[in-house]
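Heads up, the thing below is written out as structure tokens.
No lab work stands behind these numbers, since they all come straight from the coordinates. Owing to the predicted nature of the structure, the values given are computational and were not obtained by experimental measurement. Cβ: placed from backbone, ideal geometry, glycine included. Neighbour counts: every protein chain shown.
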Amino acid sequence: MGLVIPQRLLLMKAYVIFLACILFLYTLLRTSMVREYVAEPLAVAFASVGALALNLLSQKATVSGTLLSVEGFSATIDDVCTGIFVVAIYLSAVLAYPSRPMEKLKGLVLGASGILILNLIRVVSLMYIGRYLPNFFETAHLLVWQSLVIFSAFLAWLYWTERFVGAPQH
Amino acid sequence: MLPNTKALLAFAGRFLLIFIFILPLWFLLTPAYNRLLASSANIVLSLVEDPHVTTLVGWRRNIAIVRAETPFRKGVKVQGFTGYLTHFNFILMTALVLAPRRIDWRRRCKVLAIALGILFVTHLLYLLIGLKFFQQPELEAFQSLAGRLYVWGLNLYLSVASQLFPVLIWMALYRTVRSIPGRGPVPESENAPEGDTGESDPNSSKNVYLVGLRQRHHASHSGYERFSRYVGTTLKPPLNFRRGSGALAGLVNRVVTAVTRHPRYSIGALLTEGAAAFHMLRHRDALYHVIYGDSDLWLLGYARLRTRNRLVATFHEPPAFLERFAIDRQRTKNLDAVVLVAESQRVHFEGLLPPWRVFVVPHGVDTDFFCPPERISDQQVCIAVGGKLRDFETFTLAINLIWRVDPSVRFVLVGTPHTKDAHLRRLRDERVHFRRGLSDEELRRAYQTSKLAVFSFRDSTVNNALLEAMACGLPIVATDVGGTRQYLGGESGVLCPPGDADALAAGVLQVLADPALATRMAAASRARALGYHYRIVADQLRQVYSKVLLTGHD
């Protein structure tokens with residue numbers, strides 16, 4: 001007869017791993033080295049891809065480092081705007097949930113990609129809002145989109161647990 | 001597309017709609033909420049700040065920090081703001097609570113109230129802890145390790161935790177509601193095809209818990225609690241006795257029966273139910289089976305109303321006793337089903353519960369342990385076991401009638417109240433052997449060395465001794481009352497009218513005088529008992545559990 005670990009213990013373990021991962025990743029992302037070598041290049045990449053998308057939508061966007069400009073409106077993309085913190089939360093949730101390494105890998109790759117793509121949509125939409133509805137920009141930037149991105153990460157995690165995590169692991 | 005993916009997308013759609021709908025509401029309510037928050041924080045500040053120099057004021061969408069150099073004398077100055085960004089998680093929280101479908105509104109409101117309450121406390125703490133940060137330049141805070149940790153924590157809250165909190169709170173609260181889309185069983189009967197199992201798998205009894213105290217006079221191989229070896233898990237009772245002994249125990253039990261208005265209820269039963277109720281509150285979609293509903297059921301009915309669990313109870317007493325023990329509508333209304341051990345009990349429950357919530361499942365016997373002897377006894381020995389609901393007056397009359405015809409017949413009376421019962425006290429004869437406190441093996445040996453078993457009942461549903469005797473392959477002579485006929489069938493013995501000593505004596509003499517008849521009855525008795533093996537009856541119990549679990553909760 002094998003050792004049966006109570007479900008509550010597994011749950012507690014998952015919560016502890018989740019919180020530990022969040023704290024670790026957040027601290028890591030706040031270090032100057034990660035900021036310099038990960039967050040800033042990512043912000044530049046977001047600005048470039050955002051500009052490309054806006055140009056495809058005929059917005060005549062220009063980019064300079066992390067400064068993204070369209071006609072009549074400019075915005076700097078900092079590390080928080082890249083969605084990297086939401087990815088960190090998602091990553092923590094995937095690592096904490098009991099599953100096989102390959103399932104975790106799939107979850108990380110697909111989920112993180114999805115969140116980053118949604119964040120790109122956020123950046124593009126915010127440039128539109130900044131240009132056409134400037135009074136609503138702050139609300140959309142700080143409140144609406146932030147909530148929606150975290151909600152989408154939550155949905156992605158739920159979908160991963162259902163679609164990718166094998167039944168025996170439940 | 002997976003059905004769960006559909007549910008997930010539907011949930012996301014509803015969330016977005018609700019989010020967009022309540023967003024304008026937030027801007028209307030923010031000033032009022034900020035004033036509420038500022039007022040609450042001021043109360044706390046007045047208690048912890050000495051001298052009291054800081055005051056918070058709700059100002060449009062922000063909260064302003066007003067600080068007087070000397071408390072409320074010199075001119076005040078606004079030293080900082082705390083933004084409305086962190087409070088916005090109210091909207092995310094509300095939308096998350098409102099988005100799932102098919103949740104009872106009372107439950108939803110309760111979850112919303114708890115969630116918003118937690119967030120309010122979080123906002124208050126953030127405001128109070130963040131005061132210092134909002135009043136000084138960030139660089140100044142970085143001068144010390146404590147300051148750095150302080151800034152780190154506040155930034156963590158702002159950039160990660162403020163939006164993550166609603167999701168975590170929601171998940172924690174909805175573990176009790178079980179309605180996260182695409183996960184676990186869908187609430188109520190949504191999309192649940194017949195026979196669908198899921199977490200509440202009715203065919204396995206992993207989420208079935210048996211509640212009750214063991215009857216101390218039962219042989220360890222007998223009794224209803226023996227089913228726990230085949231179905232469910234027995235919840236360990238805090239006490240191993242019902243009433244205890246001594247004056248104090250008597251007083252406590254009197255109080256318990258008076259408060260519960262349940263004449264057979266006891267302190268042991270109350271503690272057992274209390275432990276089970278606590279267990280019930282921490283579980284859901286489980287089934288709790290009170291194995292002695294007649295004496296041990298009072299509290300769990302109320303606990304069941306508070307949870308999403310099912311409650312079933314087995315009743316063992318005959319209808320007249322159920323009436324006397326106040327097993328009425330009040331006591332049975334919160335049961336999802338009752339299990340009866342004899343058809344004769346149905347009449348009592350007809351007016352109390354709808355017929356589809358009443359099941360008759362026979363009692364069981366361990367036919368592996370109680371088995372016929374290798375060699376049948378050739379001595380004229382009759383065995384009678386047990387003292388409950390026995391008609392000893394008729395029995396003693398019958399014994400005397402038997403002796404008039406055949407004085408060599410001997411009787412073994414096991415567990416009878418021979419010192420208390422006036423009729424048995426008069427039965428002082430070397431041909432009657434009273435025995436008490438037998439081990440299981442001794443009891444089996446007593447059955448195996450007997451020629452037949454006699455049961456003179458006043459009333460009956462089912463009887464452990466009757467089943468044990470049948471399992472040991474004894475012909476039975478018994479009173480035809482209650483469930484005796486149901487268990488005995490037509491060929492296992494002789495049934496006599498209640499209170500008829502002549503018929504009882506005639507039945508015993510007939511079996512003793514006819515070895516061929518005795519052999520036929522013995523074989524029929526054993527064959528019938530095999531059908532009552534705990535393992536077989538447990539399957540019937542599982543079917544009851546299955547029906548109860550698949551039926552809607554309310």
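When the alpha carbon gyration tensor of chain B is reduced to an equivalent ellipsoid, the three semi-axes, largest first, read 71, 25, 18 Å. Helical runs assigned H by DSSP (4 residues or longer) give the protein assembly as shown a calculated mean residue ellipticity at 222 nm of -16000 deg cm²/dmol, each run adding -39500 (n - 2.57) before division by the residue total. Proximity of backbone amide H atoms, modeled 1.01 Å from N, is registered between B:Thr234 and B:Leu210 at under 5 Å, excluding neighbours fewer than 5 places apart on the same chain.
The gain in end-to-end length when the B:Leu29 to B:Ala320 segment is fully stretched comes to 98.4 nm, 0.36 nm per residue minus the alpha carbon separation. Between A:Val34 and B:Lys333, the simple spin-label model (points 7 angstrom out along Cα→Cβ) gives 5.9 nm. Remark on the protein assembly as shown: hydrodynamic radius 31.6 angstrom, per the Kirkwood mean of 1/r across alpha carbon pairs. Estimated at 0.36 nm per residue, the fully extended path between B:Val252 and B:Asn240 surpasses their Cα-Cα distance by 2.7 nm.
Each residue of the range B:407-419 was assigned a 3J(HN,Hα) from its phi angle through the Karplus expression (A = 6.51, B = -1.76, C = 1.60, θ = phi - 60°), giving x, 7, 6, 10, 10, 10, 10, 9, x, 8, x, 5, 8 Hz with x at Gly and Pro. Under a 5 Å amide H cut-off, with hydrogens placed 1.01 Å from N, B:Val494 pairs with B:Ile476, B:Val477, B:Ala478 among residues at least 5 apart or on other chains. Kirkwood analysis of the Cα pair distances in the range A:7-162 returns a hydrodynamic radius of 16.6 Å. Look at the stretch B:160-166: the mean tally of other chain Cβ atoms within 10 Å of its residues' Cβ atoms is 6.
Of the residues A:Trp145, B:Trp105, the one with the fewest other Cβ atoms within 10 Å heads the list, and the complete ranking is B:Trp105, A:Trp145.
Averaged over the residues of B:115-122, the number of partner chain Cβ atoms lying within 10 Å of the residue Cβ comes to 0. Spin-label model, B:Arg435/B:Trp403: points 7 Å from Cα along the beta carbon direction are separated by 2.0 nm. Here's how it looks for B:Arg284: its modeled amide H is under 5 Å from none belonging to a residue 5 or more places away or on a different chain.
Legend: ranking of residues B:Glu49, A:Glu71 from fewest to most surrounding C-beta atoms inside 10 Å; resulting order A:Glu71, B:Glu49. Highest mean packing first, where packing is the average number of other Cβ atoms within 10 Å per residue, the peptides B:7-19, A:13-25 line up as B:7-19, A:13-25. Mean per-residue shielding of peptide A:88-99 is 1, counting Cβ atoms of other chains within 10 Å of each Cβ.
Remark: for residue pairs A:Lys13/A:Lys104; A:Lys106/B:Lys6; B:Lys388/B:Lys420; B:Lys420/B:Lys451; A:Lys13/B:Lys547; B:Lys236/B:Lys420, the C-alpha separation exceeds 24 Å in B:Lys420/B:Lys451; A:Lys13/B:Lys547; B:Lys236/B:Lys420. 3J(HN,Hα) along the range B:495-508: 9, 10, x, x, x, 9, 5, 4, 5, 5, 5, 5, x, 4 Hz, from the Karplus curve 6.51 cos²θ - 1.76 cosθ + 1.60 with θ = phi - 60°, whole Hz, x for Gly and Pro.
Think of the protein assembly as shown as having a plus end and a minus end, set by charges on the Cβ of Lys, Arg, Asp and Glu; of A:Cys21, B:Leu466, B:Ile399, A:Cys21 sits farthest toward the positive end of this dipole.
Straightening the chain between B:Ala10 and B:Trp152 buys 47.3 nm, computed as 0.36 nm per residue apart minus the Cα-Cα spacing. Note on the range B:332-410: Cα convex hull, mean projected area over all directions, 8.9 nm².
Note the angle between two axes, namely the Cα long axis of helix B:267-281 and the longest principal axis of the Cα atoms of chain B, as a number of degrees from 0 to 90, rounded to the nearest 10. Relative to chain B, helix B:267-281 is tipped by roughly 40 degrees. Using the Cβ-Cβ distance between A:Phe24 and A:Ser113 with R0 = 25 Å, the FRET efficiency computed as 1/(1 + (r/R0)^6) comes to roughly 0.70. Computed from backbone phi with θ = phi - 60° and the Karplus coefficients 6.51, -1.76 and 1.60, the 3J(HN,Hα) list for the range B:36-44 is 4, 5, 4, 4, 5, 5, 4, 4, 5 Hz; x is used for glycine and proline. Take the Cα of B:Leu550, step 7 Å toward its Cβ, do the same at B:Ile129, and the gap between the two points is 5.2 nm.
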